[in-house]
Amino acid sequence: MSDKQTIQWFPGHMTKTKRQIQANLKLVDAVAEIIDARIPVSSRNPDLNNIIQNRPRVILLNKCDMANRTATKMWIDHFEKQGITAVAVDCKSGRGLNKFPAAVNQVLRKKIERLQSKGMKNPMMRIMIVGIPNVGKSSFINRISGQNRAKVEDRPGVTRGNQWFTIGKNLEMLDTPGVLWPKFDDQIVGEHLAFTGAVKDQVMDIELLAMRLLDFLKSLKPAEFIERFKLEDVELEAIPSHELLELIGRKRGMLISGGEIDTERAAIMLLDEFRAAKLGRITVEMPNGELK
Ligand code: G4P
């Protein structure tokens, strides 16, 4: 195993990104913040609050098809208690997206009513989408616009001519998402982003990452995980994660010459299966829970 144990991350992109988002903010009435329903803490950039100030916002808990249903409901309640409207969506299938226009209209209700009282019958409201890379911004835009639009590169500073498309009767959406970088002050945030594949594997030692994932799975004990790797007879509390990784590799016949287990291959396989939700619909971060 290499000694590359800490996640390195892009420094200093935030200023440029911030400027870009602020410029587009002037054009919109509301912001749709897209986050990953499996890691609602780590997939948010806390700087967004500063950037958008009091701009009305809807949170989209995306990839809810891979998250635990009860946990997603708890997150929606949690945001609601903070006065933030949140909607669970699956931008791969489009499930839940029909709730989006009503949610935006709800957060913009006062503004819409004010304009209507001034005689505007059906005022057009504009929205922009923001989120960290890989969270599903392009999928959302493609799904909700009903067309296949070109993917906007996840690079701060990439600008395009703004285009708008219509959703429902009175909403227009900017087709260029605001790309936020995740905030890496905390090693655990980095690990959770890496578990879900939001950051590239090259930034962290893959076997170490797999062992951290196993630490988590050992305490959660999802049925699919136990079944898939036939761990029914394994005392998960007692087995160190490096031994569990070897065991999983052995069970999958991942051997290298000399009969040793190819733990790197086992690590890649474990992470791939977790990211594809084959180990269960797993939410890593719970509301009010400690990051662990
Ligand atoms: P981005 O613009 O924010 O960077 O994200 P993008 O839409 O490109 O989505 C990143 C990956 O996440 C894509 O997978 C996409 O299909 C997947 N994805 C987005 N939303 C959902 C969702 O709600 N559920 C699930 N299960 N997956 C979602 P990919 O492997 O990069 O590409 P592909 O599988 O679409 O070919």
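The values are calculated or read from the model by the stated rules, or taken from the named source; none is laboratory data. In this text, all values refer to a predicted model and were calculated from it rather than measured experimentally. Don't worry about glycine lacking a Cβ; one is built from the backbone with ideal geometry, like all the others, and counts go over all protein chains shown. When the accessible area is computed, the model is the full protein with side chains, heavy atoms only, and any ligands, DNA or RNA have been set aside. Shrake-Rupley method; radii C 1.70, N 1.55, O 1.52, S 1.80 Å.
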> How much accessible area per residue does the chain have, in Å², with a 1.4 Å probe?
Replying inline: 50 Å²
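With contacts defined as alpha carbon pairs under 8 Å and 6 or more residues apart, what's the relative contact order of the chain in percent?
Working: 443 pairs, mean separation 68.2, N = 292.
Reported relative contact order: 23 percent.
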> Against the longest alpha carbon principal axis of the chain, how many degrees, from 0 to 90 and to the nearest 10, is the axis of helix 206-220 turned?
Replying inline: 80 degrees
> Against the longest alpha carbon principal axis of the chain, how many degrees, from 0 to 90 and to the nearest 10, is the axis of helix 241-251 turned?
Replying inline: 80 degrees
> In whole Å, how far is the Cα centre of the range 210-253 from that of the range 53-120?
Replying inline: 37 Å
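Across the chain, where is the longest run that never hits GluC sites (Glu not before Pro) in a DSSP loop with at most 13 other C-beta atoms within 10 Å?
Details: sites that count: Glu153, Glu232, Glu235, Glu237, Glu290.
Segment 1-152 is the longest.
Using the crude model of +1 on Lys and Arg Cβ and -1 on Asp and Glu Cβ, and no other charge, please compute the dipole size for the chain relative to its Cα centre, in debye to 20.
Values: 45 positive and 36 negative charges, 455 e Å.
The dipole magnitude comes to about 2180 debye.
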>> Given axes a ≥ b ≥ c from the Cα gyration tensor, I'd like to know whether the range 13-175 is rounded (a/c under 1.5), prolate (a/b larger than b/c) or oblate.
In response: rounded
>> If amide hydrogens are placed 1.01 Å from N in the peptide plane, which non-local residues have theirs closer than 5 Å to the one on Ile261?
In response: Ile256
> Karplus couplings for the range 53-68 from phi (6.51 cos²θ - 1.76 cosθ + 1.60, θ = phi - 60°), rounded to Hz, Gly and Pro as x?
Replying inline: 6, 9, 4, x, 9, 10, 9, 9, 7, 8, 6, 5, 5, 9, 9, 5
> What residue among Pro287, Val203, Ala30 has its Cα farthest toward the positive end of the dipole of the chain, where the charges are +1 on Lys, Arg and -1 on Asp, Glu, each on the Cβ?
Replying inline: Ala30
>> Compute the angle between helix 14-25 and the longest alpha-carbon principal axis of the chain, please, reported from 0 to 90 degrees and rounded to the nearest 10.
In response: 40 degrees
> For the range 161-292, what % of the accessible area comes from carbon and sulfur atoms, probe 1.4 Å?
Replying inline: 47 percent
